[in-house]
Amino acid sequence: MDLTFLAILIMSGWVVAIAAAGLVMVLRPGGAAIRLGAAGGVAGAPTGRRDEILLGGDAEVLGNVRGRVEAVQLRAASRELQSIQLATGLGLETQVVPATAILSADGGAVRLAESWIESPDGSDAKAATLRRDMTVKGSDGKRLGRLRLVCFDPASGRVTALVIAGRGTRSQRVVPMDRVREVGPHGVITDLRSSDWVKLQVFATDWEIKQAVMDQLAADPRLRTAQRSISVDVEDQVVTLRGYAADSSQTEQVARLIRSVPGVLQIDRKLITDEDLSRAVTEAIRRDPGTSAAQVQVNAHEGTVDITGEAPDRATVRAIERVASQVPGVQVMHNMVAVRRPAAATA
């Protein structure tokens, strides 16, 4: 037999074996159905900080990819995150990593410690196993969507929510874990109805929201300059704005733009307007006994404060600098207050 033909046959068989193994891992049942206890109440979003494990996403150690997250296991009774299962190499091998080895998970990559103590058997028959693309159904038996991410509270280790992609839509929604009744080979069963989909919280990762906000600011010619003076932080879909704005109108424009970004739950405005900063410095100078005798005009722009006017003496001028620098939000100050000349004596 020709050696080239033989090599082709061997390589073809290897490719088929890899594909078959991957198909088995995707389609294999998750064992017996495991109930997570009764659920009820009104559908709502989980509260508190959360980390997000992307099923099918990378797991990294010191920035190096260790494997792909194949599944997440949680304890049925407490709903605590127990472990994650990694597909390593060509996907033919798996490794179970305990939850204690997870440093963070941002909806993109899971970051792991350099080392960890592995469990003796690597699994728990009583644990509920969550895999990518598991069908998530409502109490009426209709499909809500397919599983994409698992959210957990890093402080308590409890799994707090599942993120699912809806059927026929690119939108992703958050299903609170207290609405999940059962996890098994036929998918995830909730106590929701298919019509509850529109009531569920829209999901987006913090990175996706921040990128969308920055892109929106850059695209709006009225707000393009605001990018230099405003910082945007996102945590658990809550956007926090810090920095400076020209006035309350610009602040409202920025807030209106951010509210249009899908997935934003709340906006925490910690912006200082030029108007407010000018007013705060002026009032501070008027209130302080050491500077109240001065007559000043204050102008502020993005944290830089210019103070002009007159003071009775140099001690007052120095006091103005001290008082103004203590006002929150003042970054740079230009004290241009002059000493008032004494009035000419009358004959």
Next on the checklist: If I ask for residues that are closer than 15 Å to V65 by Cβ and open to solvent by less than 40 Å² (accessible area, probe 1.4 Å), which ones from region 88-100 would you list?
Outcome noted: T88, G91, Q95, V97
Checklist outcome for this item: Of the residues in region 242-261 that are within 12 Å of Q216 (Cα to Cα) and not small (G, A, S), the one that is surrounded by the most Cβ atoms within 10 Å (Cβ to Cβ) is V254
Checklist entry - Tell me, which residue of region 73-87 that is open to solvent by 20 Å² or more (accessible area, probe 1.4 Å) and either touching a His at 6+ places or on another chain (Cβ under 7 Å) or of a type in the set (S, T, N, Q) (or both) is modelled with the lowest pLDDT? => result S78
Checklist entry - If only one of V264, V281, V298, V305 is in contact (Cβ under 8 Å) with a residue 40 or more places away in the chain and either closer than 24 Å to H334 by Cα or small (G, A, S) (or both), which one is it? => result V281
Checklist outcome for this item: Considering only strands (runs of 3 or more DSSP E) wholly within region 168-271, the ones with at least 3 residues that are under 22 Å from G107 (Cα atoms) are 172-176, 230-235, 238-245
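Restricted to region 296-344, and to residues that are of a type in the set (S, T, Y) and in a helix (DSSP H, G or I), which residue is nearest to A245 (Cα to Cα)?
The extreme case among them is S325.
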Item to check | Residue satisfying all of: in region 106-145; closer than 30 Å to D233 by Cα and basic (K, R); modelled with the lowest pLDDT among these | outcome: R132
Checklist outcome for this item: Filtering region 309-325 for residues that are open to solvent by less than 60 Å² (accessible area, probe 1.4 Å) and over 13 Å from V339 (Cβ atoms) leaves a count of 2
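Any idea which of K126, K142 is touching a Ser or Thr at 6+ places or on another chain (Cβ under 7 Å), surrounded by fewer than 15 Cβ atoms within 10 Å (Cβ to Cβ) and more than 16 Å from D178 (Cα to Cα)?
Numbers: K126 fails: touching a Ser or Thr at 6+ places or on another chain (Cβ under 7 Å).
Exactly one of K126, K142 is touching a Ser or Thr at 6+ places or on another chain (Cβ under 7 Å), surrounded by fewer than 15 Cβ atoms within 10 Å (Cβ to Cβ) and more than 16 Å from D178 (Cα to Cα), namely K142.
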Checklist outcome for this item: Taking region 190-232 and keeping only residues that are open to solvent by 50 Å² or more (accessible area, probe 1.4 Å), acidic (D, E) and either touching a helix residue (DSSP H, G or I) at 6+ places or on another chain (Cβ under 8 Å) or in contact (Cβ under 8 Å) with a residue 40 or more places away in the chain (or both), one is left with E208
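The values are calculated or read from the model by the stated rules, or taken from the named source; none is laboratory data. Just so we're clear, the structure is a prediction, and the values are computed from it rather than from any experiment. We place every Cβ from the backbone using ideal geometry, glycine too, and count neighbours over all the protein chains shown. Surface areas here come from the heavy atoms of the whole protein model, side chains and all, with no ligands, DNA or RNA. Shrake-Rupley method; radii C 1.70, N 1.55, O 1.52, S 1.80 Å.
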